[in-house]
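Worksheet: one structure, shown below.
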Amino acid sequence: MATITTDETQDHILGTLTLGFSTDPIMRWLYPSPSAYLEHFPETLKLFGGPAFSNNTALSAGDGAAAALWLPPDTHPDGEGLMKLFESVLSKAVLEDAYKVFEIMDEIHPDEPCWHLAFVATDPASRGKGFGSALIDFMLSRCDADQKPAYLENTNPANTSFYERHGFEVLGEIQAGDAPPMYAMRRDPK
């Protein structure tokens, strides 16, 4: 079992997540060039998942080989900041579709308070060692103790079975225009 910690620095966690999402369909649709991805994805992480740092729910495992940003119930991403970033860096066509994607995300997000897995990823050099699973299982035990559901937007369809093994079920597809499909997923507490 991997040791779960909140002791990694914000830069280390953001670096691990940036490596882990470097081939993610949605993130590379937003930022198709390597330089744009490397420049803007860390800010996207902070705006969408940043509240995890102030809530001590920014986690790492495997000596920083994997990281996760969990948003506690009633904690939300900085949607306004995210839209400002997108408006300043995305192409017009991608921006129009991104607005629609976010509308669908808002519609499908559970109404009741839930734990939101904003991001989880493993450094590609450390995949397959169970670090990502350890991060998810650690927080799912808290979800169960709190009797709160867990929710996520799966940005890579190849990961669907991974999340299903942890008890998540697909609620629906999130897709607009030329955006790759994402899947809203939920796990009820045990």
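Observations, loosely collected:
- Within this structure, Phe53 passes the test of being assigned to a helix (DSSP H, G or I) and in contact with a helix residue (DSSP H, G or I) (Cβ under 6 Å, 6 or more places away or on another chain).
- Matching option when the condition is in contact with a helix residue (DSSP H, G or I) (Cβ under 6 Å, 6 or more places away or on another chain), modelled with pLDDT of 95 or more and surrounded by fewer than 17 Cβ atoms within 10 Å (Cβ to Cβ), among Pro42, Pro73, Pro113, Pro34: Pro42
- Enumerated strands (runs of 3 or more DSSP E) restricted to the stretch 112-190, each holding at least 2 residues that are acidic (Asp, Glu) and either more than 21 Å from Ala65 (Cα to Cα) or in contact with a strand residue (DSSP E or B) (Cβ under 7 Å, 6 or more places away or on another chain) (or both): 169-174
- The set of residues in the stretch 154-190 that are surrounded by fewer than 15 Cβ atoms within 10 Å (Cβ to Cβ), free of Cβ contacts under 8 Å to residues at least 12 places away in the same chain and under 15 Å from the mean Cα position of the chain (by Cα) contains only Ala158.
- Scanning the stretch 53-66 for residues that are under 17 Å from Tyr151 (Cα atoms) and aliphatic (A, V, I, L, M), we see that the one that is surrounded by the fewest Cβ atoms within 10 Å (Cβ to Cβ) is Leu59.
- Qualifying residue in the stretch 86-104 (condition: among the β-branched types (Val, Ile, Thr), buried (at least 17 other Cβ atoms within 10 Å of the Cβ) and touching an Asp or Glu at 6+ places or on another chain (Cβ under 8 Å)): yes
- Among the conditions (1) farther than 15 Å from Tyr183 by Cβ; (2) within 17 Å of the chain's Cα centre (by Cα), the only one that Ser141 does not satisfy is (2).
- Thr122 under 18 Å from Pro181 (Cα atoms), within 16 Å of the chain's Cα centre (by Cα) and either surrounded by fewer than 16 Cβ atoms within 10 Å (Cβ to Cβ) or at pLDDT 95 or above (or both): no
- Count of the stretch 64-101 residues which are free of Cβ contacts under 8 Å to residues at least 60 places away in the same chain, outside any helix (DSSP H, G or I) and over 16 Å from the mean Cα position of the chain (by Cα): 3
- Close pairs (8 angstrom Cβ cut-off, 6 or more residues apart or separate chains): over 21 Å from Ser60 (Cα atoms) and without any contact (Cβ under 8 Å) to a residue 60 or more places away in the chain in the stretch 20-31, surrounded by fewer than 19 Cβ atoms within 10 Å (Cβ to Cβ) and of a type in the set (Val, Ile, Thr) anywhere: Tyr31/Val89
The values are calculated or read from the model by the stated rules, or taken from the named source; none is laboratory data. From a predicted model like this one, the values you see are computed outputs, not experimental measurements. No Cβ is skipped: glycine too gets one built from the backbone with ideal geometry, and neighbour counts run over all protein chains shown.
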